[in-house]
Amino acid sequence: MKKIIIGVSAAVLWLVCVILFVVSAMGGTTSEHQFTVLTVKEDAVKDYNTMPVFQALAEETGIEVKWIYNTSTQYANNTDPVGIKGIDAIYHSGFSNLKLYDYGRRGRIVAIDQYLDSMPNFSRILKSRPDIAEALKSPDGHIYSLPRVEEMGLKAYPNILYLNKKWVNKLIADNNLPDGVTLTSEQLIDGLDISRNQFKALLQKFNDLDMDGDGSTSNEVPLAFVSGNWQGNESDLIASFGVPENREHKTVLNGKITFTIENEKWFEAVKELADWYQRGLIRSSSFTQSDNDFLARGQDGRYGAFYWWEKDTVLAQENRDDYIIVLPLKDDDGNRYVGVSNEQEVEKGACVILDSCEDKEGLLSYFDKFFEPEYSAQLNYGSIKSGAFLPDKVNGKLIPNDDHGVQSADDFRMKNAPYGVVYLTQEVWDNSVEMESRAKLRLENLEQYVKPYSFVGVTSIPNLNYTQEELITLNTYESSLANNIASWFTGSITGGSIPTRESWQNFLETNRNSIDMVIRINQIAYDRYMAAIQ
């Protein structure tokens, strides 16, 4: 009898194992493939293979991903990254609309919308947010990349002007304020109200005097920014002349796509900045440095003023109290203006899957987890285990950890967060993840000191969809035009002489065909977009 019972038990155990194996094979998360994903990563960022967030994803999904790397320079020099042998996907692909469509229509990357059965999270997003679905489509209606969605209301206004109040106080104490500037120490608080001419006069003092008291007048930087950068650029300084500037020099004004470079006031701004450059108020580094260079140089508090959207990133902790927010600079008539950037909170190209991937469903089911709030938060800021968030939730929400010791929040994040594919919207902020305190402060500062001065009638250019013909036309004209604008703009300011009206008009005439073509294509796409959403 005992032998019979043992035999029956063994048979039952064998049957259970068979059932579990079949269930796993039919619908489980285990993939029979190890995936290799190429990502763009700098050396300072930690190895993705050891990041706790990816280890947690592997444990939950049962899917093994091996991450390999290119630096941004290596990746930029690769003319055909999808042709790299042995990879299944590219993370941080950064592909343009045209490149996504070109690779997609030739079957070299996957049309992700054909695999939504394997992606319940992404599928739900596309159904609940038709605006996101529309933004991700290529001309043939397919979606060829996974997006990055981070909605915080910050990107439209990427610049706040900060002034070194310690240096201004020194001018006040030494009775050395410039003519036309009557400030008291009590006025040196956030929201300082000064004109562009007064600001220029202060910068001249910062340039001419030994403001930091080290015996030299050569190491002070009166005004710093990162020309053409997505944040901390010179756009709002140019906007103070009455033109709705952004780094692309292209915006929507009263429903019309407009190039600011054609505005007379834009030319006047370039002339004035050339004068500032010759006076030493702006240094050549503002036109050549990377944002990392800018941040490193700002730590010691030797900027007289700078544009960025928060001061804590730019300054060492001991110098942060020395700087205050300046309202957008008044023009000669007492008006203030800021433009609106075209930076979008829904970004294409965060990840593409190669057609050569042997198990597309398996890899896409893995990436689908990235859209879940807790994974999105950790991908964007760093893992819970690494200290990006407090270990315990509050009211069901992840709470950011603001204390990273001697390193700044940005330093910590750069090393510990892979960024890329995330989904962080107002719904997520309301229910699952608390927004960083510094992000909340940015929003408060923008609401109080910047947004009220938006140029009337100006909006950003939304995520536009183009036809195949439009994409090809834009590819022909847009990048070369952007390079020509950047070259003329920088050369006119730093070239050693004040640009003439004739040189500006010749520049416009030389680029007239490209300007008109880019405006025409974007206007058609914009009108089509507006008709669709209405």
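The values are calculated or read from the model by the stated rules, or taken from the named source; none is laboratory data. Fair warning: this is a prediction, and the values are worked out from it, not measured in the lab. Methodologically, a virtual Cβ is constructed for each residue, glycine included, from the backbone with ideal geometry; neighbour enumeration extends over all protein chains shown. Areas reflect the complete protein model, heavy atoms only, side chains present, ligands, DNA and RNA absent. Shrake-Rupley method; radii C 1.70, N 1.55, O 1.52, S 1.80 Å.
One line per residue, one yes/no per condition, for (1) at positive phi; (2) without any contact (Cβ under 8 Å) to a residue 12 or more places away in the chain; (3) surrounded by fewer than 19 Cβ atoms within 10 Å (Cβ to Cβ):
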{"position": "Gln378", "(1), (2), (3)": "no, no, no"}
{"position": "Ile399", "(1), (2), (3)": "no, no, yes"}
{"position": "Asp402", "(1), (2), (3)": "no, no, yes"}
{"position": "Ala409", "(1), (2), (3)": "no, no, no"}
{"position": "Gly420", "(1), (2), (3)": "yes, no, no"}
{"position": "Gln426", "(1), (2), (3)": "no, no, yes"}
{"position": "Asp430", "(1), (2), (3)": "no, yes, yes"}
{"position": "Tyr449", "(1), (2), (3)": "no, no, no"}
{"position": "Pro452", "(1), (2), (3)": "no, yes, yes"}
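When Ala316 is tested against (1) open to solvent by less than 30 Å² (accessible area, probe 1.4 Å); (2) in contact (Cβ under 8 Å) with a residue 40 or more places away in the chain; (3) out of contact with any Phe, Trp or Tyr (no Cβ under 8 Å at 6 or more places or on another chain), just one condition goes unmet, and that condition is (2). For the range 233-248, a tally of residues being surrounded by fewer than 24 Cβ atoms within 10 Å (Cβ to Cβ) and of a type in the set (D, E, K, R) returns 2.
Could you identify the single residue in Ser383, Ser437 that is at pLDDT below 95, among the hydroxyl-bearing types (Ser, Thr, Tyr) and farther than 30 Å from Asn197 by Cβ? Step by step, each of Ser383, Ser437 is checked, and only Ser437 is at pLDDT below 95, among the hydroxyl-bearing types (Ser, Thr, Tyr) and farther than 30 Å from Asn197 by Cβ.
Here's the yes/no breakdown for (1) within 16 Å of the chain's Cα centre (by Cα); (2) open to solvent by less than 40 Å² (accessible area, probe 1.4 Å); (3) at pLDDT below 95:
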{"residue": "Arg124", "(1), (2), (3)": "no, no, no"}
{"residue": "Asp131", "(1), (2), (3)": "no, no, yes"}
{"residue": "Pro147", "(1), (2), (3)": "yes, yes, no"}
{"residue": "Leu154", "(1), (2), (3)": "yes, yes, yes"}
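Each residue in the range 105-138 was checked for being among the β-branched types (Val, Ile, Thr) and assigned to a helix (DSSP H, G or I), and 3 pass. Of the residues screened, Asp80 is not one that is in contact with a Ser or Thr (Cβ under 9 Å, 6 or more places away or on another chain), over 22 Å from Val422 (Cβ atoms) and surrounded by fewer than 19 Cβ atoms within 10 Å (Cβ to Cβ).
Which of the residues that make up the range 187-207 are in a loop (DSSP other than H, G, I, E, B), touching a Phe, Trp or Tyr at 6+ places or on another chain (Cβ under 9 Å) and open to solvent by 40 Å² or more (accessible area, probe 1.4 Å)? Scanning the range 187-207 gives a single hit, Asp190. Restricting Gln299, Gln278 to those that are within 25 Å of Ser216 (Cβ to Cβ) and in contact (Cβ under 8 Å) with a residue 40 or more places away in the chain reduces the list to Gln278. The residue that is surrounded by the most Cβ atoms within 10 Å (Cβ to Cβ), among those in the range 262-309 that are under 16 Å from Phe241 (Cβ atoms) and among the small types (Gly, Ala, Ser), is Ala269.
Here's a check for you: in the range 45-77, which residue that is among the polar types (S, T, N, Q) and not in a helix (DSSP H, G or I) is most open to solvent (accessible area, probe 1.4 Å)? The qualifying residue most open to solvent (accessible area, probe 1.4 Å) is Asn77.
Hey, among the residues in the range 454-479 that are within 30 Å of Gln289 (Cβ to Cβ) and open to solvent by 50 Å² or more (accessible area, probe 1.4 Å), which one's farthest from the chain's Cα centre (by Cα)? Checked the range 454-479; the qualifying residue farthest from the chain's Cα centre (by Cα) is Tyr477.
Under the condition of being of a type in the set (Asp, Glu) and open to solvent by 40 Å² or more (accessible area, probe 1.4 Å), which residue from the range 208-232 is nearest to the chain's Cα centre (by Cα)? Among those that are of a type in the set (Asp, Glu) and open to solvent by 40 Å² or more (accessible area, probe 1.4 Å), it is Asp212.
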